[in-house]
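The values are calculated or read from the model by the stated rules, or taken from the named source; none is laboratory data. Model, not experiment: these values are computed from the prediction. With ideal geometry, Cβ positions are generated from the backbone for all residues, glycine too; neighbour counts draw on all protein chains shown.
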Amino acid sequence: MDQVLTEFVQVLRRAGLRVSSSETLDGLLAAQIAGIDDREQMRAALRAAMVKRSRDIPTFDQIFDHFFGLQGEMPLGQPMPGQGQPGEGDFPLDQSELEQAIQRAQQALDDLGEQISDLTEALLRGDMPEVLSKLAQAMQDARASQMENFLQRGRMTQEILRRLDWSRVVAEIQALIQVLREMSEDELADALQGRARDVHELFPRWVAEEVSSGFERHNPEWQPPVGPALAQKDFSEYTAAEVEAMSRQVDRLAQKLRDELSRRKRTGDRKRLDVSRTLRRSMRTAGVPMELLFREPRPSRLRLALICDVSSSVRNASRFMLQFVHSLQQQRGRVRSFVFIEDLTEVTNFFERNPLDAAVEMALTDADIPYWAHSDFGRSFRMFLNNHSDAINSRTTVIVLGDGRSNFHAPQLDALATIRQRARRLLWLNPESQWGWGHGDSIIDLYARECDFLTECQNLEQLTAVMEYLTETAR
Amino acid sequence: MFESAVDVRQRLREARYLCSDEMATVVFLADQMGKPLLVEGPAGVGKTELSKALAEALDTKLIRLQCYEGLDEAKALYEWEYAKQMLYVQVLRDRFSQMLADTGTLDEAFDRVAQEEDLFFSERFLLPRPLLRAITSDKRVVLLIDEVDKTDPEFEAFLLEVLSDFQVSIPEVGTIAARTQPLVVLTSNQARDLSDALRRRCLHLFIDFPTLDRELDVVRVRVPEVAEDLAEQVVAFVHEARRMALRKQPGVSETLDWARALALLNVNSLGEAEVARTLGAIIKNEGDADRTRQSIPRLLRGMDRRLDEWKGNGPSFNSGQSHGPSLN
């Protein structure tokens with residue numbers, strides 16, 4: 001049992017689950033107590049002891065099914081949606097029959113002086129650890145882990161299949177079935193044929209899965225395809241899959257920053273004695289102040305007005321900005337959000353009525369402005385001032401997100417200057433690389449004079465830095 | 001102590017808590033291995049209820065520590081009862097004067113008082129809070145640490161220390177070791193990611209929304225006054241509603257509330273009017289309520305479809321469910 005479990009844990013770890021050695025021991029103990037006769041009890045026991053995050057449960061279940069496969073069940077690949085469990089139904093084969101089939105066929109081949117490859121044998125037998133180690137080797141050889149783009153996974157899958165000599169495996173399985181038929185062992189041949197169908201069908205998909213998850217594993221948290229590379233990647237170059245992955249990353253970062261803030265609030269050494277409460281409390285103890293009471297630190301409230309350009313060139317930057325700020329501000333503070341292209345409108349209520357993801361999406365596509373227009377910063381600032389000046393007061397931080405490419409419209413600097421005057425400060429984040437500033441229709445240099453702070457905000461790293469700055473300077 | 005997973009299931013059922021095979025197994029393990037049980041899952045699936053039922057099933061007390069932001073050791077573990085100490089000093093003032101009467105110097109007086117210091121910092125003046133109460137109890141109790149994700153990371157670290165040794169050291173008194181090791185249940189709504197260290201120490205149980213069968217069972221057991229037909233409709237409707245992208249999905253507790261409310265109102269069957277009138281029982285968020293109200297006819301159709309399907313398969317009580325929690 002120990003041996004089996006250790007191997008099982010190896011597979012779990014390879015799939016990105018973090019199982020510590022103490023948890024492995026717990027798992028062993030738990031399985032012993034729960035009993036290993038009942039598969040579902042054992043599953044529950046191992047899972048409770050070794051998988052502590054609910055998002056890992058599906059992975060665990062898959063691997064458990066593969067590893068402690070039911071008899072005759074193909075211990076490979078996950079069942080695809082809309083498809084029954086492989087090995088069920090059409091060809092009820094049992095393991096011993098399969099073993100027999102493989103052995104007979106192998107003998108026959110041996111007599112002919114031919115050998116089948118280890119991989120073929122492992123696949124047919126369902127020898128999971130063996131298959132995995134072969135696959136891991138091939139992935140390493142193919143440098144699958146250095147794949148930079150999630151979209152390369154199709155090509156990478158082909159490459160790995162080539163390295164595993166997949167076409168040979170296919171041919172060998174055919175040969176085995178052929179040999180069995182020639183010996184008129186039709187029953188065994190059918191059994192093998194069934195298994196072969198599964199292998200054909202599932203193995204390539206399974207390799208593709210592995211390649212994808214191998215890619216995912218490169219992110220520090222072993223989560224979807226976001227690597228350190230992505231944190232430095234230009235927002236505008238994101239693919240749809242990356243946007244999705246990034247959203248999750250942004251949520252986590254915001255969460256981290258929130259934790260950090262709450263910790264700092266608590267451990268802050270600026271504890272101030274609350275004299276009146278201390279004296280009042282001392283009445284209980286005959287006027288002796290036994291207990292010192294401190295003032296609750298005033299929660300720092302960040303009042304923000306976000307003005308985001310949502311034209312297609314900078315849309316992704318706006319997306320993450322909105323998401324970051326709103327997930328950061330879940331409990332405290334007040335954010336008002338505005339989007340503009342040619343016209344400007346408020347989208348704050350989207351965030352009040354909808355889940356975060358949906359709200360961000362709505363702000364980017366569903367607000368009451370013409371989305372086909374060209375950015376006009378000056379006009380938008382003017383509209384902000386005319387219609388929404390109640391959004392700013394001397395405690396508000398205004399953040400403008402845009403590339404300052406105003407399509408040769410009037411800059412209306414005075415509008416921006418007025419906004420700055422009324423606000424506590426005005427920050428401008430530019431998702432365009434600094435190299436392009438001031439060239440073509442970029443008038444960011446003009447606007448820069450009216451900002452307290454202008455910075456490039458091209459990727460997640462920079463966005464995080466800005467957010468940290470913001471929360472640190474909140475008051 | 002429970003004897004087996006089956007025993008857990010049975011005794012919890014007697015305490016009117018229905019659990020899946022998986023839950024029973026994990027609870028049994030936590031009990032046997034003496035490990036804390038970390039229960040996660042959406043709000044209202046019966047995480048807190050589980051510990052109450054456990055206490056009842058084990059015929060013991062439930063000691064509950066409700067966590068919140070800013071909870072500290074003084075509120076969780078122990079506090080010195082200053083007021084009581086003060087009171088004693090006041091009452092015994094004459095005795096103190098007598099005792100110190102023959103001391104010549106101030107130094108001597110200090111020493112004399114110091115000798116009696118232990119009197120003041122003894123268990124007599126110790127105000128035990130839930131954690132201390134749980135480990136000093138003569139009978140093994142169920143300790144519920146509710147919504148542990150609401151605490152600060154520092155408190156989590158402190159909790160870790162208590163939960164691994166089941167002993168507490170109080171500087172003035174010394175180390176107090178657990179007389180009995182409580183069955184610890186921690187619940188979390190995943191508002192904050194708990195530390196890996198805490199997770200490692202616990203057995204993990206994820207409770208998801210129950211299947212139609214199990215939820216119906218729960219309704220039957222907890223709200224026996226509701227008619228079978230209505231119970232089926234209520235559960236199926238809630239299952240449909242959970243498929244909507246709501247901010248707060250209705251939990252089992254909401255299902256129960258709703259069933260109770262409908263039974264009180266003598267409703268026999270769910271129609272648009274009935275649902276609209278009582279929607280507040282399951283949907284607690286204004287935005288959600290608006291959206292749900294608009295889709296009541298669709299939800300009712302979905303409910304009927306779901307019930308037809310379910311009846312087609314025949315009501316299969318407690319069967320095929322050992323796979324642990326599954327969605328819907």
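Some points to look at:
- With a requirement of 2 or more residues that are under 30 Å from B:Phe2 (Cα atoms), the strands (runs of 3 or more DSSP E) lying completely within the stretch B:82-175 that satisfy it span B:142-146, B:167-170.
- Some residue of the stretch A:44-53 being in a helix (DSSP H, G or I), over 26 Å from the mean Cα position of the chain (by Cα) and either facing chain B (nearest Cβ under 7 Å) or among the small types (Gly, Ala, Ser) (or both): yes
- For the stretch B:73-107, a residue qualifies if it is under 30 Å from B:Leu160 (Cα atoms), within 11 Å of another protein chain (Cβ to nearest Cβ) and not small (Gly, Ala, Ser), and the qualifying residues are B:Glu79, B:Trp80, B:Glu81, B:Tyr82.
- Just one of the listed residues (B:Phe166, B:Phe120, B:Phe155) is touching a residue at least 40 places away in the same chain (Cβ under 8 Å), of a type in the set (Phe, Trp, Tyr) and in contact with a helix residue (DSSP H, G or I) (Cβ under 8 Å, 6 or more places away or on another chain), namely B:Phe155.
- Looking across B:Phe120, B:Phe110, B:Phe155, one residue alone is within 14 Å of another protein chain (Cβ to nearest Cβ) and over 28 Å from the mean Cα position of the chain (by Cα). It is B:Phe120.
- Among the residues of the stretch A:421-435, those identified as crowded, with 18+ Cβ neighbours inside 10 Å and either more than 31 Å from the chain's Cα centre (by Cα) or part of a strand (DSSP E or B) (or both) are A:Ala423, A:Leu426, A:Leu427, A:Trp428, A:Leu429, A:Asn430.
- In the set (1) over 16 Å from the mean Cα position of the chain (by Cα); (2) assigned to a helix (DSSP H, G or I); (3) more than 10 Å from chain A (Cβ to nearest Cβ), B:Phe2 fails one condition alone, (2).
- Of all residues in the stretch B:10-27, those that are within 12 Å of chain A (Cβ to nearest Cβ) and in a helix (DSSP H, G or I) total 7.
Matching residues to (1) assigned to a strand (DSSP E or B); (2) within 14 Å of another protein chain (Cβ to nearest Cβ); (3) closer than 22 Å to A:Glu432 by Cβ:
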site	(1), (2), (3)
A:Gly287	no, yes, no
A:Leu292	no, yes, no
A:Ile307	yes, no, yes
A:Arg315	no, no, yes
A:Val325	no, no, yes
A:Phe350	no, yes, no
A:Ile369	no, no, yes
A:Phe381	no, no, yes
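- Given (1) under 28 Å from B:Glu14 (Cβ atoms); (2) free of Cβ contacts under 8 Å to residues at least 60 places away in the same chain; (3) not in a helix (DSSP H, G or I), number of the condition B:Pro250 does not satisfy: (2)
- Check on A:Ala254, at pLDDT 75 or above, under 17 Å from A:Asn459 (Cα atoms) and outside the structural domain of A:Gln137 (by TED's automatic domain parsing): yes
- Matching entry among B:Arg214, B:Arg179, B:Arg199 (being under 24 Å from B:Phe28 (Cα atoms) and within 14 Å of chain A (Cβ to nearest Cβ)): B:Arg199
- Subset of the stretch B:130-162 that is touching a Pro at 6+ places or on another chain (Cβ under 7 Å) and crowded, with 20+ Cβ neighbours inside 10 Å - its residue that is nearest to B:Thr175 (Cα to Cα): B:Ile135
- The condition of being of a type in the set (D, E, K, R), touching a residue at least 40 places away in the same chain (Cβ under 8 Å) and farther than 25 Å from B:Asp21 by Cα does not hold for B:Asp213.
- Restricted to the stretch B:28-44, and to residues there that are within 12 Å of chain A (Cβ to nearest Cβ) and within 18 Å of B:Phe209 (Cα to Cα), the residue that is surrounded by the most Cβ atoms within 10 Å (Cβ to Cβ) is B:Val39.
- Within the stretch B:253-280, tally of residues that are part of a helix (DSSP H, G or I), farther than 15 Å from B:Ala43 by Cβ and either among the β-branched types (Val, Ile, Thr) or touching a residue at least 24 places away in the same chain (Cβ under 8 Å) (or both): 8
- Every condition in (1) under 20 Å from A:Ser54 (Cα atoms); (2) of a type in the set (A, V, I, L, M, F, W, C); (3) out of contact with any helix residue (DSSP H, G or I) (no Cβ under 7 Å at 6 or more places or on another chain) is met by B:Val185 except one, and the failing one is (3).
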